[in-house]
Amino acid sequence: MARIVRSIVRIIDRLTGFVGNLGAWLVVPLFSVMVYEVVARFLFDLPTFWAYELAYMMTGAHFVLGIALVMRSGQHIRIDFIHAHLPPRLRAGIDLVVYVCFLLPVVWWMAWRLAVVALEAVVVGEVSGESGWNPVIWPLRSVVALGFALFGLQILAEIIKTARIVLGRGSA
């Protein structure tokens, strides 16, 4: 049983790494879109009608696809000046309580609601309404829901890791 649980944690960690790196690479096309917009607008006086929307969609995807990787790496926000000075098992115990009682329920609820919103956007053909381009918004809404679902999975993996530390079966 323990081997299966460790395998599941490894799979979630790998998936988080893959998706997080994919999200990180969104900076390249985002940069390209912004450079194109600046050159078109200021050198040729031909502003685009699509760059703003594409940029905010890629930026949103970039952040939400990386949130689980940030959690896996332990780079998320916490009160470090207290947390860092605690013994590893106590630190893990506090993290475990926070993950189980607060973070996991909220993130899974948000992932569920975001998935419903994405599905509704598909059904009604919702468009952005932000520019002349006015693209359908369901791809972005779906990526945001997917990012939060992966975040929930990563929290589950972190719960398993911290529980092992609390029980003395893992290292901090």
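The values are calculated or read from the model by the stated rules, or taken from the named source; none is laboratory data. The shown structure was predicted, so the numbers you read here are calculated from the model rather than taken from an experiment. As a convention, Cβ positions derive from the backbone with ideal geometry for all residues, glycine included, and neighbour counts pool all protein chains shown. Areas reflect the complete protein model, heavy atoms only, side chains present, ligands, DNA and RNA absent. Shrake-Rupley method; radii C 1.70, N 1.55, O 1.52, S 1.80 Å.
Name the residue, out of 33, 64, that is within 26 Å of residue 141 (Cα to Cα), in a helix (DSSP H, G or I), among the β-branched types (Val, Ile, Thr) and without any contact (Cβ under 8 Å) to a residue 60 or more places away in the chain.
Just a single option satisfies the conditions, and that option is 33.
Mind checking which residues of region 50-102 are more than 22 Å from the chain's Cα centre (by Cα) and buried (at least 19 other Cβ atoms within 10 Å of the Cβ)?
51, 91, 92
Within region 119-152, how many residues are open to solvent by 60 Å² or more (accessible area, probe 1.4 Å), within 21 Å of the chain's Cα centre (by Cα) and within 19 Å of residue 62 (Cβ to Cβ)?
3
So is residue 113 farther than 24 Å from residue 161 by Cβ, over 23 Å from the mean Cα position of the chain (by Cα) and open to solvent by 70 Å² or more (accessible area, probe 1.4 Å) or not?
So residue 113 does not fit the description; no.
Could you check region 123-161 and list, in sequence order, the residues that are of a type in the set (S, T, N, Q) and at pLDDT below 95?
Result: 128, 131, 134.
Output the residues belonging to region 16-49 that are of a type in the set (A, V, I, L, M) and surrounded by 13 or more Cβ atoms within 10 Å (Cβ to Cβ).
19, 22, 24, 26, 30, 33, 34, 40, listed by residue number.
It is to be established whether one or more residues within region 36-44 are closer than 20 Å to residue 138 by Cα, of a type in the set (D, E, K, R) and at pLDDT below 95.
no
If you check every pair at least six apart or on different chains, which have Cβ atoms under 6 Å apart with a residue in region 143-172 that is more than 21 Å from residue 87 (Cα to Cα) first and a residue that is part of a helix (DSSP H, G or I) and polar (S, T, N, Q) second?
That search, which allows pairs on different chains as well, returns 154/16.
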